[in-house]
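Computed from the coordinates by the stated procedures, all read-outs in this text should not be read as laboratory data. This one's a predicted model, so the numbers in the text were calculated from it and none came from an experiment. Cβ sites come from the backbone with ideal geometry, for glycine too, and all protein chains shown count toward neighbours.
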Amino acid sequence: MIETKHKAISVDYNLHKDTAEGEMIETTVGNAPLTFLTGMGQMIPDFENNIVNLAVGDTFSFGIKAENAYGSKSDDAIIELPHDMFMQEGKLVDEVFVGNMLPLQDQNGHVVPATVVKVNEATITMDINHPLADQNLHFTGTVVATRPATEEEISHGHVHGEGGHHH
């Protein structure tokens, strides 16, 4: 079999804090599996490296240290944003309260999850550190499907639907 650089891999997984016995952070159980293209930088490199050579039905269990996952928290990621970014019909939207997570867009249009730290008179202090920064991760799960990626998927940089085409 010819090894392809890009594969479409589907996995069912559980993500825990620190160890396989740690607090559950997220799971695909009961939802669609996670499908990603290898070699495209879509996933944490250590995640992809642990799964890329597994076959369908193989199970996995591996840890990723924080510095190889979502990095460390940074004070630079605590930002002040003007109230008008969060105004609707002349008042702050209800979602703006301390501890709530809001999706912000960066200058490249990527959505960045941000947590409200403080609501000030003219600004809102937001923390755009990744919610899992400083957190060691542990993944367990099973490979559900794996196949070579299509040329179209590679050129578009993402997996296409069940049959691999646009609707």
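Springs between Cα atoms under 10 Å define the GNM used for the chain, and in it the highest mean-square fluctuation of SER155, SER61, SER74 occurs at SER155. Computed over neighbours whose Cβ is under 15 Å from that of ASP76, the net charge equals -4, Lys and Arg +1, Asp and Glu -1. Spherically averaged projected area of the convex hull of Cα atoms, region 75-127: 3.8 nm². If you take all other residues with their beta carbon under 13 Å from the beta carbon of GLU67, and give Lys and Arg +1 and Asp and Glu -1, the sum is 0.
Convert each backbone phi in region 62-69 into a coupling constant with the Karplus relation 6.51 cos²θ - 1.76 cosθ + 1.60 (shift: θ = phi - 60°), then list the ³J(HN,Hα) values in order as whole Hz, x for Gly and Pro. Per-residue couplings from phi come out as 8, x, 10, 5, 3, 5, 9, 9 Hz.
Which is the longest run of the chain containing none of the trypsin sites (Lys or Arg not before Pro) found in DSSP loop states (not H, G, I, E, B) with at most 13 other C-beta atoms within 10 Å? The longest uninterrupted stretch comes out as 66-167. The chain has equivalent-ellipsoid semi-axes of 35, 20, 14 Å, by the square roots of 5 times the alpha carbon gyration tensor eigenvalues, sorted largest first. Considering the chain as a Gaussian network with a 10 Å cut-off on Cα pairs, which listed residue, THR142, THR35, THR123, attains the greatest mean-square fluctuation? Ranking THR142, THR35, THR123 by mean-square fluctuation puts THR123 first. Our summary gives region 87-167 a relative contact order of 15 percent, counting only alpha carbon pairs under 8 angstrom and 6 or more residues apart. The eigenvalues of the Cα gyration tensor, multiplied by 5 and square-rooted, give region 1-74 an equivalent ellipsoid with semi-axes of 22, 16, 11 Å from largest to smallest. Loop by DSSP (not H, G, I, E, B), at most 11 other beta-carbon atoms within 10 Å: where is the longest site-free stretch of the chain for GluC sites (Glu not before Pro)? In short, 24-88.
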